[in-house]
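**Student:** One structure, as C-alpha coordinates, below. Some questions next.
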Amino acid sequence: MTLLSAALTSLLAASAVQAGPISRRAAAGLNAAAQAAGLEFFGSATDNPELTDSSYMTILNNSDQFGQITPGNSMKWDTIEPSRGTFSFTKGDAIADLADQNNQKLRCHNLVWYNQLPSWVSSGGFDNATLVEILQNHITKEVTHYKGRCYHWDVVNEALEDGGGYRDNVFYKTIGEAYIPIAFAAAAAADPDAKLYYNDYSIEWSSTKHQDAVNIVKLVQSYGVKIDGVGMQAHFTVGQTVTQDAMESAIQDFADLGVEVAITELDIRTTTPATYDALTQQSTDYQTVVNACLAKSACIGITIWDYTDKYSWVPKTFSGYGAALPWDDNLQTKAAYDGILSALGSA
(Lines give C-alpha, C1' and ligand atoms only; values in the text may rest on other atoms or scores of the structure.)
Protein backbone atom coordinates (compact mmCIF):
# COMPACT_ATOMS: atom_id res chain seq x y z
CA MET A 1 0.00 0.00 0.00
CA THR A 2 1.37 3.41 -0.96
CA LEU A 3 1.64 6.23 1.53
CA LEU A 4 -1.10 8.07 -0.37
CA SER A 5 -3.51 5.14 -0.33
CA ALA A 6 -2.76 4.45 3.32
CA ALA A 7 -3.49 8.06 4.17
CA LEU A 8 -6.72 7.97 2.15
CA THR A 9 -7.83 4.76 3.88
CA SER A 10 -7.12 6.31 7.27
CA LEU A 11 -9.05 9.45 6.35
CA LEU A 12 -12.07 7.49 5.14
CA ALA A 13 -12.06 5.37 8.29
CA ALA A 14 -11.97 8.50 10.45
CA SER A 15 -14.83 10.02 8.45
CA ALA A 16 -16.89 6.85 8.89
CA VAL A 17 -16.39 6.96 12.65
CA GLN A 18 -17.54 10.59 12.75
CA ALA A 19 -20.50 10.04 10.41
CA GLY A 20 -21.65 6.74 11.85
CA PRO A 21 -23.59 7.92 14.92
CA ILE A 22 -25.15 10.81 12.99
CA SER A 23 -26.38 8.45 10.29
CA ARG A 24 -27.79 6.03 12.84
CA ARG A 25 -29.63 8.84 14.65
CA ALA A 26 -31.10 10.12 11.42
CA ALA A 27 -32.19 6.64 10.42
CA ALA A 28 -33.80 6.04 13.79
CA GLY A 29 -36.05 9.11 13.65
CA LEU A 30 -37.75 11.01 16.45
CA ASN A 31 -40.53 8.51 17.10
CA ALA A 32 -38.22 5.51 17.13
CA ALA A 33 -35.91 7.34 19.54
CA ALA A 34 -38.84 8.44 21.72
CA GLN A 35 -40.20 4.91 22.00
CA ALA A 36 -36.72 3.60 22.78
CA ALA A 37 -36.60 6.19 25.57
CA GLY A 38 -39.91 4.94 27.00
CA LEU A 39 -42.44 7.36 25.51
CA GLU A 40 -45.50 6.13 23.66
CA PHE A 41 -44.98 8.39 20.64
CA PHE A 42 -43.39 11.41 19.06
CA GLY A 43 -45.83 13.02 16.67
CA SER A 44 -46.71 15.98 14.49
CA ALA A 45 -49.77 18.02 13.68
CA THR A 46 -50.73 18.27 10.03
CA ASP A 47 -53.51 19.78 7.97
CA ASN A 48 -55.34 19.06 4.74
CA PRO A 49 -53.57 21.62 2.49
CA GLU A 50 -50.21 20.00 3.29
CA LEU A 51 -51.35 16.60 2.03
CA THR A 52 -50.72 17.65 -1.59
CA ASP A 53 -47.03 18.42 -0.90
CA SER A 54 -45.25 15.20 -1.87
CA SER A 55 -41.89 16.12 -0.33
CA TYR A 56 -43.60 17.06 2.92
CA MET A 57 -45.61 13.85 2.90
CA THR A 58 -42.54 11.67 2.45
CA ILE A 59 -41.31 12.82 5.85
CA LEU A 60 -44.73 12.86 7.56
CA ASN A 61 -45.46 9.31 6.37
CA ASN A 62 -42.31 7.96 7.99
CA SER A 63 -43.52 6.33 11.19
CA ASP A 64 -39.93 6.18 12.47
CA GLN A 65 -40.10 9.97 12.58
CA PHE A 66 -43.73 10.36 13.62
CA GLY A 67 -45.74 7.71 15.40
CA GLN A 68 -48.75 9.98 15.86
CA ILE A 69 -50.51 12.74 13.93
CA THR A 70 -53.01 15.42 14.96
CA PRO A 71 -55.39 17.21 12.57
CA GLY A 72 -54.72 20.92 12.99
CA ASN A 73 -58.16 22.15 11.89
CA SER A 74 -60.22 19.49 10.14
CA MET A 75 -62.01 18.14 13.23
CA LYS A 76 -62.97 21.51 14.72
CA TRP A 77 -66.61 22.52 15.06
CA ASP A 78 -66.77 24.94 12.10
CA THR A 79 -65.55 22.19 9.76
CA ILE A 80 -67.49 19.27 11.22
CA GLU A 81 -70.90 20.95 11.85
CA PRO A 82 -70.98 24.21 9.87
CA SER A 83 -74.77 24.46 10.20
CA ARG A 84 -76.96 22.90 12.84
CA GLY A 85 -77.43 19.19 12.28
CA THR A 86 -75.34 19.15 9.09
CA PHE A 87 -72.10 17.22 9.54
CA SER A 88 -69.13 17.04 7.17
CA PHE A 89 -66.38 14.56 7.98
CA THR A 90 -64.50 14.55 4.67
CA LYS A 91 -61.49 16.58 5.78
CA GLY A 92 -61.20 14.83 9.12
CA ASP A 93 -61.49 11.46 7.43
CA ALA A 94 -58.50 12.31 5.21
CA ILE A 95 -56.28 12.72 8.29
CA ALA A 96 -57.73 9.64 9.98
CA ASP A 97 -57.17 7.57 6.84
CA LEU A 98 -53.58 8.79 6.65
CA ALA A 99 -52.94 7.69 10.22
CA ASP A 100 -54.42 4.28 9.43
CA GLN A 101 -52.28 3.89 6.31
CA ASN A 102 -49.10 4.75 8.20
CA ASN A 103 -49.98 2.81 11.36
CA GLN A 104 -49.73 6.07 13.30
CA LYS A 105 -51.73 6.96 16.40
CA LEU A 106 -54.39 9.64 15.87
CA ARG A 107 -54.88 12.45 18.41
CA CYS A 108 -58.28 13.90 17.57
CA HIS A 109 -58.51 17.67 18.05
CA ASN A 110 -60.91 19.13 19.25
CA LEU A 111 -64.54 18.90 20.33
CA VAL A 112 -65.25 22.08 22.32
CA TRP A 113 -63.37 25.35 21.81
CA TYR A 114 -64.36 29.00 21.97
CA ASN A 115 -62.64 29.63 18.63
CA GLN A 116 -63.50 28.38 15.13
CA LEU A 117 -67.12 28.07 16.18
CA PRO A 118 -69.74 28.64 13.48
CA SER A 119 -71.85 31.72 14.15
CA TRP A 120 -74.97 29.60 14.58
CA VAL A 121 -73.39 28.35 17.84
CA SER A 122 -71.55 31.43 19.07
CA SER A 123 -74.36 33.87 18.26
CA GLY A 124 -77.39 31.59 18.37
CA GLY A 125 -78.84 32.98 21.58
CA PHE A 126 -79.74 29.50 22.86
CA ASP A 127 -80.91 28.92 26.41
CA ASN A 128 -79.12 26.57 28.80
CA ALA A 129 -81.08 23.41 27.99
CA THR A 130 -80.89 23.93 24.23
CA LEU A 131 -77.16 24.62 24.20
CA VAL A 132 -76.52 21.55 26.37
CA GLU A 133 -78.46 19.50 23.83
CA ILE A 134 -76.48 21.04 20.94
CA LEU A 135 -73.19 20.38 22.76
CA GLN A 136 -74.04 16.77 23.54
CA ASN A 137 -75.32 16.10 20.03
CA HIS A 138 -72.22 17.54 18.36
CA ILE A 139 -69.86 15.53 20.54
CA THR A 140 -71.88 12.33 20.24
CA LYS A 141 -72.06 12.54 16.44
CA GLU A 142 -68.39 13.36 15.94
CA VAL A 143 -66.94 10.94 18.48
CA THR A 144 -69.22 8.15 17.25
CA HIS A 145 -68.10 8.78 13.66
CA TYR A 146 -64.44 8.32 14.68
CA LYS A 147 -65.07 5.65 17.30
CA GLY A 148 -62.16 3.24 17.55
CA ARG A 149 -59.84 5.47 15.51
CA CYS A 150 -58.93 8.21 18.00
CA TYR A 151 -56.23 7.32 20.50
CA HIS A 152 -56.88 10.60 22.32
CA TRP A 153 -59.60 13.24 22.10
CA ASP A 154 -58.94 16.84 23.09
CA VAL A 155 -62.44 17.18 24.51
CA VAL A 156 -62.27 20.72 25.85
CA ASN A 157 -59.66 23.13 24.51
CA GLU A 158 -58.50 26.38 26.14
CA ALA A 159 -61.34 26.90 28.60
CA LEU A 160 -59.16 29.33 30.58
CA GLU A 161 -58.15 32.95 30.00
CA ASP A 162 -54.46 33.78 29.58
CA GLY A 163 -54.10 34.84 33.20
CA GLY A 164 -56.44 32.21 34.61
CA GLY A 165 -60.16 32.08 35.27
CA TYR A 166 -62.77 30.70 32.91
CA ARG A 167 -62.84 32.11 29.41
CA ASP A 168 -66.05 34.04 28.82
CA ASN A 169 -67.21 31.90 25.89
CA VAL A 170 -70.75 31.02 24.83
CA PHE A 171 -70.68 27.70 26.67
CA TYR A 172 -69.52 29.18 29.98
CA LYS A 173 -71.88 32.16 29.76
CA THR A 174 -74.88 29.94 29.03
CA ILE A 175 -74.19 26.69 30.89
CA GLY A 176 -71.52 27.61 33.42
CA GLU A 177 -68.50 25.48 34.30
CA ALA A 178 -70.70 22.37 34.07
CA TYR A 179 -70.27 22.45 30.29
CA ILE A 180 -66.85 20.86 30.82
CA PRO A 181 -67.93 17.67 32.62
CA ILE A 182 -70.99 17.51 30.33
CA ALA A 183 -68.65 17.46 27.34
CA PHE A 184 -66.41 14.78 28.85
CA ALA A 185 -69.42 12.63 29.76
CA ALA A 186 -70.77 12.80 26.19
CA ALA A 187 -67.37 11.87 24.72
CA ALA A 188 -66.91 8.97 27.15
CA ALA A 189 -70.35 7.59 26.30
CA ALA A 190 -69.67 7.79 22.55
CA ASP A 191 -66.25 6.07 22.68
CA PRO A 192 -65.38 4.50 26.04
CA ASP A 193 -61.96 3.37 24.79
CA ALA A 194 -60.60 6.75 23.67
CA LYS A 195 -58.46 8.67 26.15
CA LEU A 196 -60.05 12.02 26.96
CA TYR A 197 -57.96 15.17 27.49
CA TYR A 198 -58.25 18.75 28.64
CA ASN A 199 -55.85 20.80 26.46
CA ASP A 200 -54.42 24.29 27.10
CA TYR A 201 -51.35 26.54 26.88
CA SER A 202 -49.36 28.32 29.64
CA ILE A 203 -50.11 25.56 32.12
CA GLU A 204 -46.56 24.18 31.98
CA TRP A 205 -45.40 25.95 35.16
CA SER A 206 -46.89 26.95 38.50
CA SER A 207 -49.28 29.86 38.02
CA THR A 208 -52.89 30.84 38.55
CA LYS A 209 -53.77 29.38 35.15
CA HIS A 210 -51.97 26.13 35.92
CA GLN A 211 -53.87 25.79 39.19
CA ASP A 212 -57.13 26.48 37.37
CA ALA A 213 -56.29 23.65 34.96
CA VAL A 214 -55.68 21.39 37.96
CA ASN A 215 -59.10 22.46 39.23
CA ILE A 216 -60.71 21.56 35.90
CA VAL A 217 -59.44 18.00 36.30
CA LYS A 218 -60.85 17.96 39.83
CA LEU A 219 -64.15 19.37 38.56
CA VAL A 220 -64.61 16.63 35.97
CA GLN A 221 -63.65 13.99 38.52
CA SER A 222 -66.10 15.44 41.06
CA TYR A 223 -68.91 14.69 38.62
CA GLY A 224 -67.75 11.08 38.43
CA VAL A 225 -66.83 11.58 34.78
CA LYS A 226 -63.86 10.06 32.98
CA ILE A 227 -60.84 12.29 32.25
CA ASP A 228 -57.60 10.59 31.27
CA GLY A 229 -55.11 13.33 30.60
CA VAL A 230 -54.05 16.92 30.25
CA GLY A 231 -52.42 18.31 27.15
CA MET A 232 -49.71 20.90 27.72
CA GLN A 233 -49.58 22.75 24.42
CA ALA A 234 -46.07 24.13 25.05
CA HIS A 235 -46.03 27.07 22.63
CA PHE A 236 -42.83 28.79 23.77
CA THR A 237 -40.40 31.54 22.76
CA VAL A 238 -36.66 31.00 22.40
CA GLY A 239 -34.83 31.89 25.59
CA GLN A 240 -38.08 32.12 27.56
CA THR A 241 -38.94 28.44 27.76
CA VAL A 242 -39.99 27.16 31.18
CA THR A 243 -37.24 25.52 33.23
CA GLN A 244 -37.09 21.74 33.38
CA ASP A 245 -37.72 21.69 37.14
CA ALA A 246 -40.78 23.93 36.79
CA MET A 247 -42.24 21.81 34.02
CA GLU A 248 -41.60 18.57 35.91
CA SER A 249 -43.42 20.04 38.93
CA ALA A 250 -46.37 21.06 36.77
CA ILE A 251 -46.59 17.58 35.24
CA GLN A 252 -46.49 16.06 38.72
CA ASP A 253 -49.45 18.18 39.84
CA PHE A 254 -51.58 16.45 37.22
CA ALA A 255 -50.06 13.05 37.90
CA ASP A 256 -51.05 13.43 41.55
CA LEU A 257 -54.68 13.53 40.35
CA GLY A 258 -54.26 10.22 38.54
CA VAL A 259 -54.18 11.59 34.99
CA GLU A 260 -51.46 11.42 32.37
CA VAL A 261 -49.87 14.31 30.48
CA ALA A 262 -48.86 14.79 26.86
CA ILE A 263 -46.97 17.66 25.25
CA THR A 264 -49.49 18.34 22.50
CA GLU A 265 -48.55 21.38 20.37
CA LEU A 266 -44.85 22.02 20.94
CA ASP A 267 -43.09 24.78 19.02
CA ILE A 268 -40.49 27.35 20.09
CA ARG A 269 -40.59 30.55 18.07
CA THR A 270 -37.90 33.17 17.58
CA THR A 271 -37.60 36.56 15.92
CA THR A 272 -36.91 36.28 12.22
CA PRO A 273 -34.66 36.06 10.38
CA ALA A 274 -33.36 33.58 12.92
CA THR A 275 -29.74 33.99 14.00
CA TYR A 276 -27.26 31.20 14.64
CA ASP A 277 -27.35 31.98 18.36
CA ALA A 278 -31.15 31.86 18.41
CA LEU A 279 -31.23 28.48 16.66
CA THR A 280 -28.60 27.15 19.07
CA GLN A 281 -30.65 28.34 22.05
CA GLN A 282 -33.77 26.88 20.44
CA SER A 283 -32.10 23.48 20.35
CA THR A 284 -31.36 23.78 24.07
CA ASP A 285 -34.95 24.83 24.76
CA TYR A 286 -36.33 21.83 22.90
CA GLN A 287 -34.05 19.60 24.94
CA THR A 288 -35.41 21.16 28.14
CA VAL A 289 -39.00 20.28 27.22
CA VAL A 290 -38.12 16.76 26.10
CA ASN A 291 -36.06 16.12 29.23
CA ALA A 292 -38.91 17.31 31.46
CA CYS A 293 -41.29 14.88 29.79
CA LEU A 294 -38.80 12.03 29.98
CA ALA A 295 -38.22 12.66 33.68
CA LYS A 296 -41.87 12.10 34.62
CA SER A 297 -43.55 8.76 33.96
CA ALA A 298 -46.92 10.51 33.68
CA CYS A 299 -45.74 12.27 30.50
CA ILE A 300 -46.49 9.80 27.73
CA GLY A 301 -45.66 11.55 24.46
CA ILE A 302 -44.72 14.68 22.54
CA THR A 303 -46.34 16.30 19.50
CA ILE A 304 -44.87 19.23 17.58
CA TRP A 305 -47.33 21.64 15.95
CA ASP A 306 -46.51 20.56 12.42
CA TYR A 307 -42.90 19.65 11.88
CA THR A 308 -41.69 22.27 9.39
CA ASP A 309 -41.51 26.06 9.37
CA LYS A 310 -43.05 25.87 5.90
CA TYR A 311 -46.47 25.22 7.43
CA SER A 312 -46.13 26.79 10.87
CA TRP A 313 -48.98 28.88 12.27
CA VAL A 314 -46.52 31.16 14.07
CA PRO A 315 -45.67 33.83 11.42
CA LYS A 316 -49.35 34.47 10.74
CA THR A 317 -50.12 34.88 14.44
CA PHE A 318 -47.00 36.51 15.90
CA SER A 319 -45.67 39.29 13.70
CA GLY A 320 -41.90 39.15 13.31
CA TYR A 321 -41.63 35.62 14.72
CA GLY A 322 -41.21 32.22 13.12
CA ALA A 323 -38.58 29.49 12.58
CA ALA A 324 -40.30 27.61 15.41
CA LEU A 325 -39.93 23.98 14.32
CA PRO A 326 -37.21 21.32 13.92
CA TRP A 327 -37.38 21.38 10.10
CA ASP A 328 -36.90 24.59 8.11
CA ASP A 329 -38.94 25.92 5.17
CA ASN A 330 -36.96 23.69 2.82
CA LEU A 331 -37.73 20.55 4.87
CA GLN A 332 -34.16 20.36 6.15
CA THR A 333 -33.50 19.52 9.79
CA LYS A 334 -32.18 22.25 12.09
CA ALA A 335 -30.20 22.26 15.31
CA ALA A 336 -33.49 21.73 17.16
CA TYR A 337 -33.85 18.31 15.53
CA ASP A 338 -30.41 17.26 16.76
CA GLY A 339 -31.22 18.62 20.20
CA ILE A 340 -34.40 16.55 20.44
CA LEU A 341 -32.57 13.42 19.32
CA SER A 342 -29.78 14.09 21.79
CA ALA A 343 -32.24 14.37 24.66
CA LEU A 344 -34.10 11.23 23.62
CA GLY A 345 -30.87 9.32 23.10
CA SER A 346 -29.58 10.26 26.54
CA ALA A 347 -32.64 8.91 28.35
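**Student:** List pairs: first in region 127-156 and crowded, with 23+ Cβ neighbours inside 10 Å, second assigned to a strand (DSSP E or B) and of a type in the set (S, T, N, Q), Cβ under 6 Å, 6+ apart or cross-chain?
**Tutor:** Every condition considered, the pairs that remain are D154/N110; D154/N199.
**Student:** Output the residues belonging to region 238-276 that are in a strand (DSSP E or B) and over 16 Å from the mean Cα position of the chain (by Cα).
**Tutor:** T270, T271
**Student:** In region 197-211, how many residues are over 16 Å from the mean Cα position of the chain (by Cα) and open to solvent by 40 Å² or more (accessible area, probe 1.4 Å)?
**Tutor:** The qualifying residues number 4.
**Student:** Also: Sort out which residues of region 203-219 are more than 18 Å from Q287 (Cβ to Cβ), in contact with a helix residue (DSSP H, G or I) (Cβ under 8 Å, 6 or more places away or on another chain) and not in a helix (DSSP H, G or I), and write them in order of number.
**Tutor:** I203, S206
**Student:** Out of region 84-104, which residues are more than 21 Å from S122 (Cβ to Cβ) and open to solvent by 50 Å² or more (accessible area, probe 1.4 Å)?
**Tutor:** Within region 84-104, T90, D97, D100, Q101, N103 meet the criteria.
**Student:** Further question on the same structure: Looking only at residues that are outside any helix (DSSP H, G or I), touching a residue at least 24 places away in the same chain (Cβ under 8 Å) and farther than 30 Å from W327 by Cα in region 220-237, which one is most open to solvent (accessible area, probe 1.4 Å)?
**Tutor:** Applying the filter and picking the extreme gives Y223.
**Student:** Show the residue pairs meeting these rules: Cβ distance below 8 Å; 6+ apart or different chains; first residue within region 283-300 and within 12 Å of F42 (Cβ to Cβ); second residue acidic (D, E) and open to solvent by 40 Å² or more (accessible area, probe 1.4 Å).
**Tutor:** Sorted first by the residue in region 283-300, then by its partner, the pairs are I300/E40.
**Student:** If you go through region 298-325, how many residues are under 20 Å from L30 (Cβ atoms) and either of a type outside the set (F, W, Y) or not in a loop (DSSP other than H, G, I, E, B) (or both)?
**Tutor:** 16
**Student:** Go through region 55-146 and tell me which helices (runs of 4 or more DSSP H), entirely inside it, have 1 or more residues that are hydroxyl-bearing (S, T, Y), within 26 Å of I300 (Cα to Cα) and at pLDDT 95 or above.
**Tutor:** 128-145
**Student:** Check off (1) open to solvent by 10 Å² or more (accessible area, probe 1.4 Å); (2) touching a residue at least 24 places away in the same chain (Cβ under 8 Å); (3) among the acidic types (D, E) for E81 and give me the number that stays unchecked.
**Tutor:** (1)
**Student:** Go through region 163-196 and count every residue that is within 27 Å of A292 (Cα to Cα) and surrounded by 15 or more Cβ atoms within 10 Å (Cβ to Cβ).
**Tutor:** The number of residues fulfilling the criteria is 4.
The values are calculated or read from the model by the stated rules, or taken from the named source; none is laboratory data. Every value quoted in this text rests on a predicted model; they were computed, and no experiment measured them. Quick reminder, even Gly has a Cβ in these numbers, built from the backbone with ideal geometry, and neighbours come from all protein chains shown. Note: areas computed on protein heavy atoms with side chains; ligands, DNA, RNA excluded. Shrake-Rupley method; radii C 1.70, N 1.55, O 1.52, S 1.80 Å.
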